[in-house]
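To start, the structure itself, in structure tokens.
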Amino acid sequence: MFCILCNSEEKLYEGLCKSCYLKEFELIKVPEYAKFTVCSHCGATLKHEKWVQTGYYDDEIINDAIHKDIQINDKLKNVDITTEITNNRGTVYECILHAYGEIIDEPIEKTYPIEVKVEKGVCPDCSKFHSGYYEAVIQLRADDRKLDDYEIREADEFIANEIQRICKTNKLAYVTERIVLKEGIDYQVGSYNAAHKIAVNMQKQFGGVITESRKIVGHDKSRSRDLYRTWLSVRLPAFHRNEFIEYEDKILQIKKIGSHKFSGVNLSTNELESLTWKEYDKIKKIGTEDDIRQTTVTNITPTEIQILDPDTYMTVDLKKNESMKNINIGQEINVIKIKDILYIVL
């Protein structure tokens with residue numbers, strides 16, 4: 001029998017001699033064009049069925065888009081296919097596929113032109129952002145008082161910086177809305193994880209306590225699970241530095257507010273005492289700096305200091321401690337009256 005193309009009498013392969021068979025053999029079947037999808041908002045690329053933030057369209061993305069649609073001839077062995085990008089026209093990449101393999105124990109190589117088109121889409125994270133989606137609310141509050149203007153300014157700046165830091169690894173780290181309420185400020189945050197980190201860091205920065213609650217807001221049928229929204233309440237303390245609190249019949253003037261504890265001077269002993277935030281609900285604010293008065297020292301003994309009551313001008317004897325050793329007769333000193341008891345404020 002003869003080769004149907006060249007009439008050669010050599011061994012035939014599907015009616016063709018080896019030379020003609022290798023010329024006619026198609027290693028791969030290539031579509032008219034391939035495509036990949038890019039988020040029109042953030043530039044993330046759909047790669048291996050996942051959205052990734054690449055910042056550019058690398059060879060792997062283009063190669064992946066091509067390989068999804070090409071078909072390799074079942075008869076080809078030891079296959080290797082490489083992609084060469086030859087030109088870029090806006091949203092179209094002109095490419096050459098170099099296909100290698102073996103057929104009938106012979107190496108074979110062929111090239112195939114193909115265009116790769118960039119299609120615009122919207123990734124799930126951007127879709128959530130532009131729809132106003134949020135998973136958590138940070139509630140900034142102050143106990144038994146209004147938030148001070150400076151506290152609001154500092155909280156706004158703190159949250160903005162935290163969002164800028166966290167969004168590098170969490171695209172849902174954004175604030176969809178900042179709501180001013182009579183009782184405080186609400187920040188709607190896209191990601192619960194981001195909101196939780198921010199709330200914890202706020203407590204470390206400003207003190208206070210965090211409480212958390214959540215409720216069902218929907219149901220995800222595709223995953224057969226309920227959808228929750230979480231409220232993270234950051235409660236700033238009722239007191240500021242240098243204000244006065246009562247705790248277990250002791251009067252303290254607050255000196256330091258930290259992430260794990262707060263401390264104050266015991267006005268009876270003038271010693272510094274620390275409390276954890278677990279004890280916060282057991283304290284009561286009983287005075288501010290505006291309640292501090294001035295009076296005169298009228299007499300001093302080894303164990304007592306005598307002062308004038310600033311309201312009645314009657315003499316009052318107070319127990320002396322080591323911190324009062326530099327006080328002199330006739331000196332003007334600060335005092336505060338709490339529950340009709342006078343305390344020296346050093």
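The values are calculated or read from the model by the stated rules, or taken from the named source; none is laboratory data. Worth saying up front: this structure is predicted, and the values here are computed from it rather than measured. Don't worry about glycine lacking a Cβ; one is built from the backbone with ideal geometry, like all the others, and counts go over all protein chains shown. When the accessible area is computed, the model is the full protein with side chains, heavy atoms only, and any ligands, DNA or RNA have been set aside. Shrake-Rupley method; radii C 1.70, N 1.55, O 1.52, S 1.80 Å.
Working from label points 7 Å from Cα in the Cα-to-Cβ sense, the E177 to I341 distance is 5.0 nm. Here the alpha carbons of segment 156-261 define both size measures, Rg and Dmax, at 17.2, 58 Å. Across every pair of non-identical alpha carbons in segment 1-119, the mean reciprocal distance, once inverted, gives a Kirkwood radius of 16.2 Å.
Here the scattering of segment 28-88 is modelled by Debye summation over its C-alpha atoms, one equal scatterer each and no solvent; at q = 0.13, 0.25, 0.29 Å⁻¹ the log10 of I(q)/I(0) is -0.41, -1.12, -1.30. Only one item in (i) 33, 26, 20; (ii) 40, 24, 20; (iii) 82, 19, 16 matches semi-axes √(5λ) of the Cα gyration tensor in Å derived from the coordinates shown, and that item is (iii).
Using helices alone, what [θ] at 222 nm do you get for the chain, with -39,500 (n - 2.57) per DSSP H run of 4 or more residues, divided over all residues and rounded to the nearest 500? Here the helix-only value at 222 nm equals -5000 deg cm²/dmol.
Cross-link reach is defined here as a Cα-Cα straight distance under 23 Å, omitting same-chain residues fewer than 8 places apart; for K337 the lysines meeting it are K250, K255, K256, K282, K284, K285, K319, K320, K325. What segment 224-290 shows is 53 Å² of accessible area per residue, with the surface traced by a 1.4 Å probe over protein heavy atoms. Restricting the calculation to Cα atoms, segment 223-327 yields a radius of gyration followed by a Dmax of 20.2, 79 Å. Shape of segment 75-159 from the C-alpha gyration tensor: prolate (a/c of 1.5 or more and a/b above b/c, with a ≥ b ≥ c the square roots of its eigenvalues). Among the listed pairs K23/K47; K47/K197; K47/K128; K68/K110; K128/K197, those whose Cα-Cα separation exceeds 25 Å are K23/K47; K47/K197. The calculated FRET efficiency for the pair D80 and S40, based on their C-beta separation and a Förster distance of 41 Å, comes to about 0.70.
Sparsely packed loop sites in segment 304-346 (the trypsin sites (Lys or Arg not before Pro) outside DSSP H, G, I, E and B with at most 14 other Cβ atoms within 10 Å) comprise K325, K339. Taking the Cβ of Q306 as the centre, find all other residues whose Cβ is under 13 Å away and add up their charges (Lys, Arg: +1; Asp, Glu: -1). Neighbourhood net charge equals -1. Solvent-accessible area assigned to carbon and sulfur over the chain amounts to 47 percent, based on a 1.4 Å probe.
For a test of the definition: using alpha carbon positions, the gyration tensor, and the 1.5 limit on a/c, classify segment 97-236 as rounded, prolate or oblate. In terms of gyration-tensor shape, prolate.
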